[in-house]
Amino acid sequence: MATAECGRQVTLNDKKLTDVYGVSKTDAKFTCYCHHFTPEGKHVVSNNLTIDDAKKCNGVMYANKSACIGNFFGVSSLSLTCKAQRGTHKMCRDTMCPYVAAGQKCPYSIAADAS
C-alpha cells in the first residue's frame, strides 16, 4: 500500500541523475517522484532495479532550501524531501520511473502535462 508522502530525505549526488531531471540551481525540468527511489535512497532505473525495489509512495521529492551544492558546471548535489504532491507535475518517463521503464503505466504520476 502506498503512502501519500513519507517525509524521507534523499540526496541526488550523481551528475547523471541531476541531468536526467534537468536540475538547475533554481528548479528542475522534470518531476522527481519518491517512487523513483528504493527505500534506501537508490535510484531504481539508473541502478537497473525493478518495480519491486521501488518505494511505494505517492510523494514528490522537493528540494530543501539552500540544498543545492553547485559548481561552475551546474548542480552536483541536491538534498530532497518527500512531500505531498502540489499542483500539476510532469508525467513519468522511462529514464526516471521504474513502472514506465518496465512498459507499464505509472500508478503515481497524476499529471495532465505529458511533456
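Please state which one of 18, 11 is at pLDDT below 85, open to solvent by less than 40 Å² (accessible area, probe 1.4 Å) and in contact with a Ser or Thr (Cβ under 8 Å, 6 or more places away or on another chain).
Of 18, 11, the one residue that is at pLDDT below 85, open to solvent by less than 40 Å² (accessible area, probe 1.4 Å) and in contact with a Ser or Thr (Cβ under 8 Å, 6 or more places away or on another chain) is 18.
Report yes if some residue within region 53-67 is modelled with pLDDT under 90, outside any loop (DSSP other than H, G, I, E, B), of a type in the set (S, T, N, Q) and in contact with a helix residue (DSSP H, G or I) (Cβ under 7 Å, 6 or more places away or on another chain); otherwise report no.
Checked region 53-67: no residue is modelled with pLDDT under 90, outside any loop (DSSP other than H, G, I, E, B), of a type in the set (S, T, N, Q) and in contact with a helix residue (DSSP H, G or I) (Cβ under 7 Å, 6 or more places away or on another chain).
Which of the residues spanning region 86-107 are open to solvent by 60 Å² or more (accessible area, probe 1.4 Å), under 15 Å from residue 50 (Cα atoms) and free of Cβ contacts under 8 Å to residues at least 40 places away in the same chain?
Listed by number, the residues that qualify are 103, 105.
What number of residues within region 32-43 satisfy the criterion of being outside any strand (DSSP E or B) and in contact with a Cys (Cβ under 8 Å, 6 or more places away or on another chain)?
Residues flagged as outside any strand (DSSP E or B) and in contact with a Cys (Cβ under 8 Å, 6 or more places away or on another chain) within region 32-43 amount to 3.
The values are calculated or read from the model by the stated rules, or taken from the named source; none is laboratory data. Please read these numbers as outputs of a predicted model, since none were measured by experiment. Here Cβ is always computed from backbone atoms with ideal geometry, including for glycine, and neighbour counts include all displayed protein chains. Surface accessibility is based on the protein's heavy atoms, side chains included, excluding ligands, DNA and RNA. Shrake-Rupley method; radii C 1.70, N 1.55, O 1.52, S 1.80 Å.
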